[in-house]
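What follows is a set of notes on a single structure, which appears directly below.
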Amino acid sequence: MNVLIVGSGGREHALAWKLQQSPQVKNVIVAPGNGASGKIDLNPNNVEEVSLFCGTNDIHCVLIGPEEPLSNGLADHLIKTHPNMIVFGPTKDGAQLEVATKLSLQTCSYVKLIQTSKSFSKQFMKEYGLPTADFVTVSVENVKSLDSVFERIPWKNTVVKADGLAAGKGVIIPKDNEEAKLAARSILEGEFGSAGRTIILEERLEGYEVSSLAFVDGISYKRMPLGKDHKRLLESDLGPNTGGMGVVAPVHVPADVDRQIDVIFENTLKGLADRKIHYCGVLYAGFMIVNDKPYLLEFNCRFGDPETQVLMRLLESDLFQIIKSCFYQSLSKCEIQWSTRSVCGVVLASANYPKSGEKGSPITKIPPPDMTNVVFHAGTSRINKQIITNGGRVLCVTSMADSLHKARAHANKIAEQIEFQGKQFRRDIGKYLDTVTPSLSYGASGVNIDEGNQFVEDIKKLVKKTLLPGATQIGGFGAVLDLKNAGFSNDSQLVVGIDGVGTKIEVATLCKNFSGVGYDVVAMCVNDVICHCAKPIAFLDYFVCGKLDRSMATQVLASISDACVEAGCSLIGGETAEMPGVYSTHQWDLAGCAIAARESTWPMLPLSSSISEGDVIIGLPSSGLHSNGFSLARKVLAVNGVMYSDKLPWNHNSTFGEELLTGTKLYVRSVLPLLMDGLVKGCAHITGGGLTENAIRVLDKNSDVTLVIDCAMWRPHEMFEWIAAAGPVETKEMIRTFNCGIGMILVVAKDKFMEVNTRLTELAEPFFEIGHVEKRTTGQAIKFFNEAKLFHRDTYKTQRKRVKVAILISGTGTNMQKLIERSKTPDSNCEVVVVVSNKKSAGGLKIAASYGIPTKVVQHTADRVTGDTALAEVLKNYGTQLICLGGYMRILSPYFISQFPSRIINIHPSLLPSFKGAHALQDALNFGARVVGCTAHFVDELVDHGDIIAQRPVMVEDNDTIETLRQKIQVQEHEMFPNAMVSIAAKILGE
């Protein structure tokens, strides 16, 4: 017998090693891989190519290793083209439990839509009573709604899974929901490519994991010994998730748990039989055991890696005979023997794994296999008889012994012996299962206490220069503030403010420039507290990192020290925390707390009740963006392809990075004296929320006045001009996101204005008279006028290409509005140039006009071609490149479609190709469908036809009505359709 094993990793080589021991097997070919005559160039995802290879090379049996060929239907194709061949691996519909094609009902049969999704697997578990964690699904179209999704989930901690195939690496186990949110966003934004276009947020179960694999012949199953995989890269289960860094087997569980696992396999086979799915192959179930109850984490429809390497060492029966019994459905009669000894498998990975795999490094000192140790190749290649690295997981050392402790010792010894550049492996595989656990040091967990102590000594001199009377030096458990010694009376009051730097630290890290970050954290706090007419007297910082870089941390603390000196407050202490495993090596964060004091005789600002008509509004200039709006600023740079190292268009002696990292301005010395002397009624620090949300803090909720800001009274810094133009970002969005050049606002009585003017001039503090207070006539607390004069967009207008989009509507245009809003986002590549309706009364026309978009009406004609000819002419006059049907209730003629080939897209309220037509949702419910949804697709001559762009499922709950489902579907449409527009526009621009 000639056997072909499809795949070329460690799993496949372990299977080949075992099959070669069978007397019935003559030759084993692992492809793609290195054969006796050289490289076997075979694409496992090309079913025709594999089939041809089998015919040419007289293959009698095919064992399919990886998940992707299974999802592509390789088993189906081989069974069809080679009816006498033994094929071991489930057909495409059997592989649904892993590759999980969503099922849709149509005319009494299952229609399999080839869309990889773990969510089907989760629904299957729920339907057949297979215990599993609660979950929700989120698609790439919902990435902006992640915050609200996490607010609604009822569980404390979350596991994040890429919905599609991610080669065993698409599962992230964060420490908390904040980290889960970051992981979810990272996957949705492309960390795992198309596999992460939809994710599953799953309740994190607390217990211990085991892997249970079983041979399945479609009627019966036979389980293999339980194993324990180790996914994390680093020892003590730290670091990122991987495809697996090692495994031990057998793992023993209580008898009752073992029986429950059997029941789960039985119910799974029942579910497959109910769906008329014939399953031949291996079924892998990952379990979390919680309080002696197994919960299913996932199904795999294949051998696991590196579980296979260990299990093949334990298997004492003929593997080929087992494969034959599965194929001929005689597994129940096949006796399978397993060793009772212990095996430990240790994976040797390359330097950058799991991010990438090193290639080309020579590998030496691999021992030959013996009764104790077998080293399986995975990511290796051979050049001129030299074995070299060729992937992420390079080798798997497996060692067998009478105890797990001995097996691990053997495996670690071999792992140490083998040499290649950048080798990394875990020495603690299966260690927690030992009865004796050696103690760990704090340093072993990644925290360097000595380095931290030295850092404290380094910064003591920085702190000392900030100390004022009444404050003590750092080094104790706390710091004492003596207000009387600091010059305050017995009835003085304290004001406290706390804030952080936000995503500005990402820019500092990438630019390796930390000289201004201290000004940011100090100023964000002290500028807040002075708004209450309080004098900052002390400051504490909180610096946290994954790994302490003493040089970098000292730069940060030096800038904090300088800022405290300028603010006139003492740096009395804080916290420096090193948190490996919680933060990555180069990840850090910074926050601070300002303590201020005020005499009870000073004005308690804001004096909201005294702010009245005629008061003057003064704006003090900012030094730049300060520490707010950086997420948007970074996005604008990214979509324009601007690097932080690029020179500024208005100043070739400086870069974008240097400009963005300008420290936040401190206003203590110029503003606080004015407040203490009663010259100011209200003071507002312009931070997050920009001018719009911060200025109104000087008013109370019952105020009868309005702040009126004249945007023509100051000229923003060029950085704001550039962001507004390059985004482009609308003026309203700019003034509610950024300070736009005004870092502090003062509300001053008209008769006090000249004195404030004189005092600020004497201090050489620039200022602008930017507005006034007037009697409120509307519900607005603040009004802006001359907004068009705030930014001179033509100065830095970019020439970024955009696709000209036309939207066709017949009614209110709810989808139209979402399309328009998406076109105006900073990362948009679209410009809506016209909205056209076939009805004069369409409410969407007024909405479009409110956005400043031209509107046209092209009414129906007796024959469709005449009207569509006129419609096409209108669209061509506007240079239309893409057409979106936003509720256009008219069938387009073949003539019109021919004028815009592959340039018309539509949204339909069903999972096409199921349930076409105007009553799609009602038809789906009448049929009894449990999954409905929506489809974005290209429009061709047939109704609700054309290539599918994107789909979103909506589950039908027992209490749903057609109206509640319509609302759920519309939510999905409003997110999916605009993103489909942007994705198609990107392809048009790339042509």
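Observations, loosely collected:
- Cβ pairs under 9 Å, 6+ apart, first in segment 654-668 and of a type in the set (Lys, Arg), second part of a helix (DSSP H, G or I): Lys665/Tyr519; Lys665/Ala523; Lys665/Asn527
- Residues within segment 157-174 that are over 14 Å from the mean Cα position of the chain (by Cα) and modelled with pLDDT of 80 or more, tallied: 1
- Scanning segment 414-436 for residues that are surrounded by 14 or more Cβ atoms within 10 Å (Cβ to Cβ) and within 21 Å of Leu311 (Cα to Cα) yields Ile414, Ala415, Phe425, Arg426, Arg427, Asp428, Ile429, Gly430, Lys431, Leu433.
- The requirement of being under 31 Å from the mean Cα position of the chain (by Cα), over 15 Å from Asp93 (Cα atoms) and of a type outside the set (Val, Ile, Thr) is fulfilled nowhere in segment 250-268; no residue meets it.
- For segment 814-828, the candidate set comprises residues that are surrounded by fewer than 20 Cβ atoms within 10 Å (Cβ to Cβ) and β-branched (Val, Ile, Thr); within that set, the residue that is farthest from Ser631 (Cα to Cα) is Thr814.
- Residue within segment 932-953 that is surrounded by fewer than 22 Cβ atoms within 10 Å (Cβ to Cβ) and on the phi > 0 side of the Ramachandran plot present: yes
Okay, residues lined up against (1) touching a residue at least 40 places away in the same chain (Cβ under 8 Å); (2) over 35 Å from the mean Cα position of the chain (by Cα):
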site	(1), (2)
Asn43	no, no
Leu52	no, yes
Val62	yes, yes
Asn84	no, yes
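- Of the residues examined, Leu52 is one that is farther than 16 Å from Glu298 by Cβ and at pLDDT 90 or above.
- When residues of segment 202-231 are limited to those that are part of a strand (DSSP E or B) and of a type in the set (Ser, Thr, Tyr), the one surrounded by the fewest Cβ atoms within 10 Å (Cβ to Cβ): Tyr208
- Inter-residue pairs, beta-carbon under 8 Å, first within 26 Å of Leu632 (Cβ to Cβ) and in segment 739-768, second part of a loop (DSSP other than H, G, I, E, B) and among the aromatic types (Phe, Trp, Tyr), 6+ apart: Gly741/Trp714; Ile742/Trp714; Gly743/Tyr667; Met744/Tyr667; Phe768/Trp714
- The set of residues in segment 957-991 that are of a type in the set (Val, Ile, Thr), more than 26 Å from the chain's Cα centre (by Cα) and buried (at least 16 other Cβ atoms within 10 Å of the Cβ) contains only Ile988.
- Test: residue in segment 377-393 that is in contact with a His (Cβ under 6 Å, 6 or more places away or on another chain) and of a type outside the set (D, E, K, R): yes
- Of all residues in segment 580-620, those that are surrounded by 15 or more Cβ atoms within 10 Å (Cβ to Cβ), touching a residue at least 40 places away in the same chain (Cβ under 8 Å) and either of a type in the set (Phe, Trp, Tyr) or closer than 17 Å to His772 by Cα (or both) total 13.
- Residue identified as assigned to a helix (DSSP H, G or I) and buried (at least 21 other Cβ atoms within 10 Å of the Cβ) among Asp923, Asp868: Asp868
- Boolean, Leu130 is surrounded by 21 or more Cβ atoms within 10 Å (Cβ to Cβ) and at pLDDT 80 or above: yes
- Boolean, Gly592 is in the same structural domain as Ala534 (by TED's automatic domain parsing), on the phi > 0 side of the Ramachandran plot and part of a strand (DSSP E or B): no
Quick grid of which residues meet (1) outside any helix (DSSP H, G or I); (2) among the β-branched types (Val, Ile, Thr):
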site: Thr601; (1), (2): yes, yes
site: His626; (1), (2): yes, no
site: Lys635; (1), (2): no, no
site: Val642; (1), (2): yes, yes
site: His652; (1), (2): yes, no
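- Restricting attention to segment 753-768, the residues that are among the aromatic types (Phe, Trp, Tyr) and out of contact with any Phe, Trp or Tyr (no Cβ under 9 Å at 6 or more places or on another chain) total 2.
- Residues of segment 278-304 that turn out to be touching a strand residue (DSSP E or B) at 6+ places or on another chain (Cβ under 8 Å) and assigned to a loop (DSSP other than H, G, I, E, B), as a count: 6
- Evaluated against (1) without any contact (Cβ under 8 Å) to a residue 24 or more places away in the chain; (2) under 20 Å from Asp868 (Cβ atoms), Asp923 falls short on exactly one condition, (2).
- Residue in segment 314-333 that is modelled with pLDDT of 90 or more, in a strand (DSSP E or B) and surrounded by 15 or more Cβ atoms within 10 Å (Cβ to Cβ) present: yes
- Restricting Ile820, Ile847, Ile883 to residues that are more than 30 Å from Ala638 (Cα to Cα), within 34 Å of the chain's Cα centre (by Cα) and not in a loop (DSSP other than H, G, I, E, B) narrows the list to Ile847.
- Of the residues making up segment 368-400, just one is surrounded by fewer than 18 Cβ atoms within 10 Å (Cβ to Cβ), touching a strand residue (DSSP E or B) at 6+ places or on another chain (Cβ under 6 Å) and of a type outside the set (S, T, N, Q), namely Arg382.
- For the condition β-branched (Val, Ile, Thr), under 42 Å from the mean Cα position of the chain (by Cα) and within 28 Å of Lys647 (Cα to Cα), Ile723 qualifies.
- Residue list for segment 527-573, filter: in a strand (DSSP E or B) and closer than 21 Å to Ala596 by Cβ: Lys535, Pro536, Ile537, Ala538, Phe539, Leu540, Asp541, Tyr542, Ser570, Leu571, Ile572, Gly573
The values are calculated or read from the model by the stated rules, or taken from the named source; none is laboratory data. All of these numbers come straight from a predicted model, not from anything done at the bench. No Cβ is skipped: glycine too gets one built from the backbone with ideal geometry, and neighbour counts run over all protein chains shown.
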